[in-house]
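Read the structure below first, then the notes.
The values are calculated or read from the model by the stated rules, or taken from the named source; none is laboratory data. All values derive from a computational prediction rather than experimental measurement. Heads up, the Cβs are rebuilt from the backbone with ideal geometry, glycines too, and the neighbour counts pull from every protein chain shown. Only protein heavy atoms, including side chains, enter the accessible area calculation; ligands, DNA and RNA are left aside. Shrake-Rupley method; radii C 1.70, N 1.55, O 1.52, S 1.80 Å.
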Amino acid sequence: MAELDEFKQEVSTWLDSNCPQSMRRPIVTEEMVWGSSRLQFLNEDQQVWFERMRERGWFAPSWPKEYGGGGLNPKQARVLETEMSRLGCRQPQYNLGVWMLGPVLLEAGTHEQKLEHLVPMMKGQQRWCQGFSEPNAGSDLASLKTSARRVSDEQGEAYIVNGGKIWTSDGDKADWMYALVRTDNSSKKQEGISFLLIDMKAPGVTVKPIELISGKSSFCQVFFDDVRVPVRQLVGKEGEGWALGKKLLQHERAAMSKFTEGGAPSADALAVTLEYLERGDDGKLEDAALRQKLAEVLMNAQSFTLTHRRVTEMALARKDVSAPGSIMKLVQTEQEVAKYELLEQVMGLRGLGWEGEDFSAEEIDLCRTWLRSKTYTIAGGSSEVQLNIIAKRVLDLPA
Ligand SMILES: Cc1cc2nc3c(=O)[nH]c(=O)nc-3n(C[C@H](O)[C@H](O)[C@H](O)COP(=O)(O)OP(=O)(O)OC[C@H]3O[C@@H](n4cnc5c(N)ncnc54)[C@H](O)[C@@H]3O)c2cc1C
């Protein structure tokens, strides 16, 4: 315990002297630093914070040092997370590879795959996208049809991939895609799926951005036309991709349920409410109904934080948290929607700025985050699908 206290002191001092003040403000979407072969910084502070954290291996504090991680034990990693959160430090790097693929590769990847992919992720040099959904395979993911046929020829052993993926977030910016593909049509649909790592620069990969009603969007559709993927980019065994995909989704849901802990932008409801509403002489918000709604949002957020801590402790004790993971994803994303609905009500017309000089940068960001919050209840498996999982796996209800 004394050792952990000492570590906490050391971490706190280090963060305090190494995290620039401007990196301690809540993150806004435009200021996220995405690890990528085309890595870019908006300012010097971003770069300083990124490089200092990279040197310590703290992009992934608990990963082995051999693969560029911090080599911390789970308790130390938790201390670092808590101290970063206490000081309001931003995540220095955003990367789907680190959050979702990395833990799967650590468990099921070969040593060569770990060296080829984990190390560049830890240097902030690789951007990943997720190739799971297809036009007729979203919630019913096992219906996916993108095919991967194994060949052995003068160029070596490879899979030839044909088909396509949809709703691929930032597919146009990614260096690599982790994808679920069909290697066998003859067996039960879950059994014929394999997990491949696809180089987005490979010949035959075409990425088309999808336009939405808002004009801008990070969604892409990705087409594969005889794309050659070397067999060394198969993770795990052929035909066992479904289990890996499910594991990856657990990491995605866990990352999504950490939204208020610096994983993604999330407004401070109390601060926004106090900024936009006048208070009476007694210092209270005058509208009693609104006061009650705000109290509800704040209490829910606090309960969630405590429950999240409990689930993290369970994970540290190596208990199975796959079921709580679905509950956390469901509750967190639904709570975010409720919070932003309230903030929009509080801000009135000021909350409806999409762009332009009439609105402050914070107002525009809040409006965009409000709209985006609705998508969190779909991405990573919709709320209805999480309810199905909870009904089956947690409550053991009949199908
Ligand atoms: C912001 C965002 C980012 C995304 N990024 C990616 C990405 O990077 N890569 C990727 O592969 N995918 C991505 N997706 C896709 C996402 O995983 C799918 O949209 C999601 O799984 C739902 O699938 P669908 O859109 O095909 O809807 P459908 O499966 O057609 O569902 C439509 C509706 O029916 C409901 N429904 C479906 N089946 C059931 C059922 N059995 N019981 C009850 N209700 C049901 C759903 O909950 C939903 O409300 C992203 C989605 C969003 C919103």
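Is it the case that ARG54 is at negative phi, at pLDDT 95 or above and open to solvent by 30 Å² or more (accessible area, probe 1.4 Å)? Yes, satisfied. Of the listed requirements (1) at pLDDT 95 or above; (2) loosely packed, with under 13 Cβ neighbours inside 10 Å, LEU196 misses just one: (2).
Of all residues in region 294-312, those that are open to solvent by 40 Å² or more (accessible area, probe 1.4 Å) have Cβ atoms under 9 Å from Cβ atoms of residues that are small (Gly, Ala, Ser) and in a helix (DSSP H, G or I), 6 or more apart or on another chain, in GLU296/ALA338; LEU298/ALA269; ASN300/ALA338; ALA301/ALA269. Within region 1-21, the set of residues being exposed (fewer than 14 other Cβ atoms within 10 Å of the Cβ) and under 28 Å from CYS367 (Cβ atoms) comprises just one member, GLN21. Cβ separations smaller than 6 Å between residues 6+ apart or across chains give the following pairs from region 135-154 residues that are under 11 Å from ARG182 (Cα atoms) to residues that are among the acidic types (Asp, Glu) and open to solvent by less than 90 Å² (accessible area, probe 1.4 Å): LEU144/GLU134. Remark: pairs (first residue in region 200-224, free of Cβ contacts under 8 Å to residues at least 24 places away in the same chain and open to solvent by less than 50 Å² (accessible area, probe 1.4 Å); second residue assigned to a loop (DSSP other than H, G, I, E, B) and not aromatic (Phe, Trp, Tyr); Cβ separation under 9 Å; 6+ apart in sequence or on different chains) = SER217/ILE210; SER217/GLU211. If you check THR110, THR146, THR82 for being surrounded by 18 or more Cβ atoms within 10 Å (Cβ to Cβ) and over 18 Å from the mean Cα position of the chain (by Cα), only one passes: THR146.
Restricted to region 351-399, and to residues there that are part of a loop (DSSP other than H, G, I, E, B) and within 18 Å of SER133 (Cα to Cα), the residue that is farthest from the ligand (Cβ to nearest atom) is THR377. For region 357-370, a residue qualifies if it is open to solvent by 50 Å² or more (accessible area, probe 1.4 Å) and at pLDDT 90 or above, and the qualifying residues are GLU357, ASP358, PHE359.
In region 173-193 there is no residue matching the filter, namely being within 26 Å of GLN113 (Cα to Cα), surrounded by fewer than 18 Cβ atoms within 10 Å (Cβ to Cβ) and among the hydrophobic types (A, V, I, L, M, F, W, C). Considering only region 339-348, I want to know if a residue exists there that is within 16 Å of the ligand (Cβ to nearest atom), out of contact with any strand residue (DSSP E or B) (no Cβ under 6 Å at 6 or more places or on another chain) and part of a helix (DSSP H, G or I). Looking for residues that are within 16 Å of the ligand (Cβ to nearest atom), out of contact with any strand residue (DSSP E or B) (no Cβ under 6 Å at 6 or more places or on another chain) and part of a helix (DSSP H, G or I), one finds at least one in region 339-348, hence yes.
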